[in-house]
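Peer 1: The structure follows.
The values are calculated or read from the model by the stated rules, or taken from the named source; none is laboratory data. Because the structure is a prediction, the values reported are computed rather than measured. Glycine gets a Cβ as well: all are built from the backbone with ideal geometry, and neighbour counts include every protein chain shown. The area values use the complete protein model at the heavy-atom level, side chains included, leaving out ligands, DNA and RNA. Shrake-Rupley method; radii C 1.70, N 1.55, O 1.52, S 1.80 Å.
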Amino acid sequence: MGMPYLVLQGSVFTGVEFIEAGCVVVDQSTGSIVEVGRKGEVNEPKYSRVIDVHGSTILPGLMDAHIHFFGSKKYDMAEWVTTPETLVALRSVADARRLLRAGFTTVRDLGSKAGTYLRQAVEEGMFEGPRIVSAAKSLSQTGGDDDLTILPLDISERLSYSYYCDGPWECRKAVRKVVRDGGDLVKVYASGSMSQGTKVRRQFTLEELKAIVDEAHSVGLKVAAHAYGEEALTNSVKAGVDSIEHGIGLTPEIAKEMERKGVFYIPTLSAYLAMAPTRNEEHLRLVKRHLTEDMELAKQFHLKVVVGSDFVGCDTEPHGENYREIVNVAKYFGNKEALVAATSRAAECLGLEKSGWVKVGYDGDLVIARGNPMEDVENLSPNNILYVIRRGQLHAIND
Ligand SMILES: [Zn+2]
């Protein structure tokens, strides 16, 4: 039996405030935080393993609220759909390990074939990985966002990481399938996407979205809506979704409603900043609008911005580099807000009540990075991560 407690001494970012010479005690047997405070004022238990990380910062484990475990090499929808499931699973094991070692102790997979199984295997302790909050398969209309229309419909549906559904009752049934699969939330494509050319038309009607939200909420699952364009955004907010993903094309009216209802906003900036510049004029216009007007409205209406990279694990969006979204959010909202968006607010968005803070009684999910990320969020790059603690267990990375 090893030392029951971990004592970490260094600067602490609790989730909102910064303690210069702090101390955090983690009970390794329960996996929870038992003491937080200034060094000297904290009761350091006997039989502890003391780790002095002077000059480094102890933060809540990072969260990425929008990823996909696609296990695909290319940013290419046809490949996401057709990569054999075994290969998706094997590559995703490596991706899960990379995510944890990059400081991400929680990720939310918004639609994939691997998510729920990966979650189970990580929980069984088969390999290192973050806590996975999985949407299982996403919900899409027939001929919708990720329907590979060159294939016959039945084959496309068989291969897809979405359930296709049309009309309120099919939509309710699709939610029930997600529940059956063990999904932790429901992801819905309320509009088209850039992954299939530039489409900002709404998908699903307001009636369908309302049925999805009602069915999901009735079993306690949140709903995340992929939404581009005024109609899809308006319908999603009206239907009562819990988070807007991407959210290109905000208007003051939509932003105001989101503020009033407390809808989380996940702008997935990295997805647009990382995309190859091969798109058409319309695409460039939309991206520009997102990076200017949408961000202005988000600030003006104090939207609850959350870090979500939309990384899928391909070569241009490799899992493990997800801190880039924190850097991108910081560009528009400042360093502290970006850290909040990746920790305490992300936990709120995911409905994790005992996570996202360095606080007594909370999960012992922590990351220790060299320097002070409050001064420079680049300090969260993977080669700056010294340790990751997940459920009280220490993973030494670059010490
Ligand atoms: Zn996505």
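Peer 1: Would you kindly find the accessible area of Val241, with a 1.4 Å probe and non-protein molecules such as ligands, DNA and RNA excluded, rounding to the nearest 10 Å²?
Peer 2: Approximately 10 Å² of Val241 is accessible to the 1.4 Å probe.
Peer 1: Another question, then. Counting only heavy atoms of the protein chains, get the accessible area per residue of the chain (1.4 Å probe) and round it to a whole Å² value.
Peer 2: Value returned for the chain: 40 Å² of accessible area per residue.
Peer 1: Given an 8 Å cut-off on Cα distances and at least 6 residues of separation, report the relative contact order of the chain as a percent.
Peer 2: Value for the chain: 21 percent.
Peer 1: Taking amide hydrogens as modeled 1.01 Å from N in the peptide plane, which residues meet the under 5 Å criterion relative to Ser56, leaving out close sequence neighbours?
Peer 2: Long-range HN contacts for Ser56: Ser11, Gly371.
Peer 1: If you roll a 1.4 Å probe over segment 76-180 with all protein chains in place, what percent of the accessible area is carbon or sulfur?
Peer 2: 55 percent
Peer 1: Please compute, for the alpha-carbon atoms of segment 168-261, the extent along each of the three principal axes and give them in descending order in Å.
Peer 2: Reported extents, whole Å, longest axis first: 36, 33, 21.
Peer 1: Provide the percentage of antiparallel DSSP beta bridges, counting only those with both residues in segment 10-149; round to the nearest 5.
Peer 2: Around 45 percent of the beta bridges assigned by DSSP in segment 10-149 are antiparallel ones.
Peer 1: Let me ask something additional. Heavy atoms only, 1.4 Å probe, whole protein assembly: order His246, His395, His217 by accessible area, highest first.
Peer 2: Heavy-atom accessible area, descending, gives His217, His395, His246.
Peer 1: Further question: Would you kindly calculate the translational diffusion coefficient of the chain, applying Stokes-Einstein with the Kirkwood radius from alpha carbon pairs, for 20 °C and a viscosity of 1.002 mPa s, and quote it in µm² s⁻¹ without decimals?
Peer 2: 101 µm²/s
Peer 1: So if I restrict to the alpha-carbon atoms in segment 258-399, what is the Rg, and what is Dmax, the biggest pairwise distance, in Å?
Peer 2: Gyration radius and largest Cα-Cα distance of segment 258-399: 16.2, 51 Å.
Peer 1: Rule-of-thumb check for segment 225-304: C-alpha Rg over 2.2 N^0.38 Å?
Peer 2: The reported ratio for this selection is 1.05.
Peer 1: Limiting things to C-alpha atoms, what are the Rg and the maximum Cα-Cα separation (Dmax) for segment 35-129, in angstroms?
Peer 2: 18.2, 58
Peer 1: Then there's this: Could you pull out the trypsin sites (Lys or Arg not before Pro) across segment 15-64 that fall in loop regions by DSSP (anything but H, G, I, E, B) with no more than 11 other Cβ atoms inside 10 Å?
Peer 2: Passing sites in segment 15-64 are Lys46.
Peer 1: Rounded to the nearest 10 Å², what accessible area does Cys23 have for a 1.4 Å probe in the complete protein model?
Peer 2: Only protein atoms counted, so the area is about 0 Å².
Peer 1: Continuing with this model, one more query. What is the percent carbon and sulfur in the accessible area of segment 6-75, measuring with a 1.4 Å probe over the protein chains and ignoring ligands?
Peer 2: Result for segment 6-75: 45 percent of the exposed heavy-atom area is carbon or sulfur.
Peer 1: Set the bar at 22 Å for Cα to Cα. Now go through Lys73/Lys304; Lys222/Lys359; Lys238/Lys304; Lys74/Lys331; Lys210/Lys299 and name every pair that lies beyond it.
Peer 2: Long pairs (Cα-Cα over 22 Å): Lys73/Lys304; Lys222/Lys359; Lys74/Lys331; Lys210/Lys299.
Peer 1: Percent relative contact order of segment 288-375, based on C-alpha pairs within less than 8 angstrom and at least six residues apart?
Peer 2: After rounding, I find 21 percent.
Peer 1: Ignoring everything except DSSP H segments at least 4 long, calculate the 222 nm mean residue ellipticity for the chain; use -39,500 (n - 2.57) per segment, divide by total residues, nearest 500.
Peer 2: -9500 deg cm²/dmol
Peer 1: Let me know the longest stretch in the chain that avoids all GluC sites (Glu not before Pro) found in a DSSP loop with at most 13 other C-beta atoms within 10 Å.
Peer 2: That gives 125-352 as the longest site-free run.
Peer 1: Averaging the inverse of every distinct alpha carbon separation and then flipping it gives the Kirkwood radius. What is it for segment 168-327, in angstrom units?
Peer 2: Evaluated on segment 168-327, it is 16.1 Å.
Peer 1: Mean shadow of segment 1-56, computed from the convex hull of its alpha carbons, in nm²?
Peer 2: 3.8 nm²
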